[in-house]
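Single-structure report; data block below.
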Amino acid sequence: MEHRHLRYFIAVADAGAFSRAAARLRITQPALWRQVHDLEVELGVRLLERVKNAVTLTDPGELFYE
């Protein structure tokens, strides 16, 4: 797990959307999605529920965020 994975996850959770988080972080949305996905794969659990143009934290995501 790398520091940027955590930073990106927190940015998405705070923004509530990959597009807003990507703009704040000044990276592309696909690159941000990939980093968060890599974190989820490494942890073996889905942290974010992706719904159309928004995201919410899953139960494991809530615990990880805290």
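The values are calculated or read from the model by the stated rules, or taken from the named source; none is laboratory data. Owing to the predicted nature of the structure, the values given are computational and were not obtained by experimental measurement. Glycine gets a Cβ as well: all are built from the backbone with ideal geometry, and neighbour counts include every protein chain shown. Heads up: the accessible areas ignore ligands, DNA and RNA and are worked out on the full protein's heavy atoms, side chains in. Shrake-Rupley method; radii C 1.70, N 1.55, O 1.52, S 1.80 Å.
Ile10 falls short on exactly one of the conditions (1) over 13 Å from Tyr65 (Cβ atoms); (2) open to solvent by 50 Å² or more (accessible area, probe 1.4 Å), and that condition is (1).
Within segment 39-48, does at least one residue satisfy the condition of being free of Cβ contacts under 8 Å to residues at least 60 places away in the same chain, in a strand (DSSP E or B), surrounded by 12 or more Cβ atoms within 10 Å (Cβ to Cβ) and not basic (Lys, Arg)? Yes, segment 39-48 contains a residue that is free of Cβ contacts under 8 Å to residues at least 60 places away in the same chain, in a strand (DSSP E or B), surrounded by 12 or more Cβ atoms within 10 Å (Cβ to Cβ) and not basic (Lys, Arg).
Evaluation of Val55 against the conditions (1) open to solvent by less than 90 Å² (accessible area, probe 1.4 Å); (2) outside any strand (DSSP E or B); (3) in contact (Cβ under 8 Å) with a residue 24 or more places away in the chain shows that the sole unmet condition is (2). One residue stands out in segment 18-28 among those that are more than 20 Å from Met1 (Cα to Cα) and free of Cβ contacts under 8 Å to residues at least 24 places away in the same chain: the one that is most open to solvent (accessible area, probe 1.4 Å), namely Arg26. Of the residues screened, Val41 is not one that is touching a strand residue (DSSP E or B) at 6+ places or on another chain (Cβ under 7 Å), closer than 18 Å to Thr58 by Cβ and not charged (D, E, K, R).
Taking the criterion of being among the hydroxyl-bearing types (Ser, Thr, Tyr), under 12 Å from the mean Cα position of the chain (by Cα) and at pLDDT 95 or above, the only residue of segment 1-46 that qualifies is Tyr8.
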